[in-house]
1. What residue, of 135, 162, 151, is touching a Ser or Thr at 6+ places or on another chain (Cβ under 7 Å), in contact (Cβ under 8 Å) with a residue 12 or more places away in the chain and more than 22 Å from residue 33 (Cα to Cα)?
2. Is it true that residue 62 is part of a loop (DSSP other than H, G, I, E, B), among the polar types (S, T, N, Q) and within 18 Å of the chain's Cα centre (by Cα)?
3. Name, by its number, the condition in (1) more than 14 Å from residue 119 (Cα to Cα); (2) modelled with pLDDT of 95 or more that does not hold for residue 5.
4. Could you check, for segment 74-88, whether at least one of its residues is buried (at least 17 other Cβ atoms within 10 Å of the Cβ) and among the small types (Gly, Ala, Ser)?
5. Take the residues of segment 138-168 that are within 15 Å of the chain's Cα centre (by Cα) and not acidic (Asp, Glu): which is nearest to residue 41 (Cα to Cα)?
6. So which of 94, 104, 118 ends up being modelled with pLDDT of 95 or more, touching a helix residue (DSSP H, G or I) at 6+ places or on another chain (Cβ under 8 Å), more than 30 Å from residue 155 (Cα to Cα) and of a type in the set (A, V, I, L, M)?
7. What's the total number of residues in segment 73-112 that are in contact (Cβ under 8 Å) with a residue 24 or more places away in the chain and among the basic types (Lys, Arg)?
Amino acid sequence: MSDDGFDSDAPIEQRVAAERDDSFVVFHIGLRINAFWKLHRWLPILLIAPRMVRELLSDPESGLLESRTVVGPGIRNVGFVQYWDSFEALREYARDSDRLHFGAWQEYYEDGTHADAAVGIWHETYVVRPDEYETVYNNMPPHGLADSDGTDIVPASEQRRTAAGRLGQTDGSDAPRQVTDRK
């Protein structure tokens, strides 16, 4: 059940948007298997990643708001799209020696995996300020930012009818006719 009382598995049968009052962080992280036969290089990373997510989700004070697993293109690429309440919370987790990530990070460098092209790792971090993003979901269960703790799910109507409106650039009257005619 989301903060707004929506069932997290049932579609919300209307156009809605996700809104937050505070800044947040979108964090993309993943790996690419470059040499399938070098299991000893990529399998430990692949196995510990979901454990890290479970560790974070089990701790409401961690700062992780939501995490989604993504696979592709192909089976070589596995990653996560995560929403954090702040960059500080993300950084604190990464550097906390009592958490899973720190030990895995050290081992990655100490065992030589970082220097072997068998597996690539990457991440991207985006700090998002209030009113500098927009979302829309139609006939979807809460997903992504809308499924994050502390996010309000609101009707995508009136000013929120268009992307420009949700960004505060128009009053929402710039919607194509087929969108304005929908209920």
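1. Numbers: 135 fails: touching a Ser or Thr at 6+ places or on another chain (Cβ under 7 Å); 151 fails: touching a Ser or Thr at 6+ places or on another chain (Cβ under 7 Å).
One residue alone meets the criteria, 162.
2. Working: part of a loop (DSSP other than H, G, I, E, B): yes; among the polar types (S, T, N, Q): yes; within 18 Å of the chain's Cα centre (by Cα): yes.
The answer is yes for residue 62.
3. All conditions pass for residue 5, except number (2).
4. Checked against the condition, which is being buried (at least 17 other Cβ atoms within 10 Å of the Cβ) and among the small types (Gly, Ala, Ser), segment 74-88 yields at least one hit.
5. Looking only at segment 138-168, we keep the residues that are within 15 Å of the chain's Cα centre (by Cα), and these are 142-151.
Of the ones still in play, those that are also not acidic (Asp, Glu) are 142-146, 148, 150-151.
On the way: 142: 36, 143: 32, 144: 30, 145: 33, 146: 35, 148: 33, 150: 38, 151: 38 Å.
Checking each candidate, the answer is 144.
6. On the way: 104 fails: modelled with pLDDT of 95 or more; 118 fails: modelled with pLDDT of 95 or more.
Sole residue among the options that is modelled with pLDDT of 95 or more, touching a helix residue (DSSP H, G or I) at 6+ places or on another chain (Cβ under 8 Å), more than 30 Å from residue 155 (Cα to Cα) and of a type in the set (A, V, I, L, M): 94.
7. Matching residues across segment 73-112 total 2.
The values are calculated or read from the model by the stated rules, or taken from the named source; none is laboratory data. This is a predicted model, so every value here is computed, not measured. Every residue, glycine as well, gets a Cβ built from its backbone with ideal geometry; the counts of neighbours run over all protein chains shown.
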